[in-house]
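The values are calculated or read from the model by the stated rules, or taken from the named source; none is laboratory data. Values in this document were obtained by computation on a predicted structure and should not be read as measured data. Positions of Cβ are backbone-derived with ideal geometry, glycine not excepted, and every protein chain shown enters the neighbour counts. For accessibility, only protein heavy atoms count, side chains too; no ligands or nucleic acids. Shrake-Rupley method; radii C 1.70, N 1.55, O 1.52, S 1.80 Å.
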Amino acid sequence: MNYKLELNTQEPNSKIVFNNILFDFFKINVVERYIGSAKSRLTLCEALFKVRTLDNELIKRKDDNIRVKIKGDDFETYQKLSQQLNSYEYKNKLINRKNVEQDYVHFILGLVIANYNLN
């Protein structure tokens, strides 16, 4: 399955980051919230995602809610993957970017499959 990963940060002092994963028939919007001051290192405190059609219609989860908050062990895994995407090595192409992106996308896709009925 083909995908395109869009890593978007807001303004430099923003504490919210929006990432998108675009597939052929749907897209996943990931929202990361950070805590801390701009002078110190920001810490990821919350991550959630929503699945939309390419026409921007929200797709409901199996339990009829819309968004999924990443919690527990999944959140710890997500933090590690997010840190890799934001790392100096990734940004300066010192590590294999394709592998880091694939790990991130496969992890999110696994959560989507567990929480949504995609027909």
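A few notes on this one:
- Pick from segment 56-90, criterion farther than 21 Å from Arg33 by Cβ and basic (Lys, Arg), ranking: nearest to the chain's Cα centre (by Cα): Lys60
- Residues located in segment 107-119, provided they are in a helix (DSSP H, G or I) and surrounded by fewer than 11 Cβ atoms within 10 Å (Cβ to Cβ): Ile113
- Residue satisfying all of: in segment 71-97; of a type outside the set (S, T, N, Q) and not in a helix (DSSP H, G or I); surrounded by the most Cβ atoms within 10 Å (Cβ to Cβ) among these: Ile95
- Apart from one condition, Asn56 fits all of (1) open to solvent by 80 Å² or more (accessible area, probe 1.4 Å); (2) outside any loop (DSSP other than H, G, I, E, B); (3) under 16 Å from Asn19 (Cα atoms); the exception is (2).
- Pair list, Cβ < 6 Å and 6+ apart or interchain, from segment 61-79 residues that are under 17 Å from Glu101 (Cα atoms) to residues that are surrounded by 15 or more Cβ atoms within 10 Å (Cβ to Cβ): Tyr78/Ala47; Tyr78/Ile70; Gln79/Leu44
- Annotation: Val68 fulfils all but one of (1) assigned to a helix (DSSP H, G or I); (2) crowded, with 16+ Cβ neighbours inside 10 Å; the unmet one is (1).
- Test for Tyr104: is it among the hydroxyl-bearing types (Ser, Thr, Tyr), surrounded by 11 or more Cβ atoms within 10 Å (Cβ to Cβ) and in a strand (DSSP E or B): no
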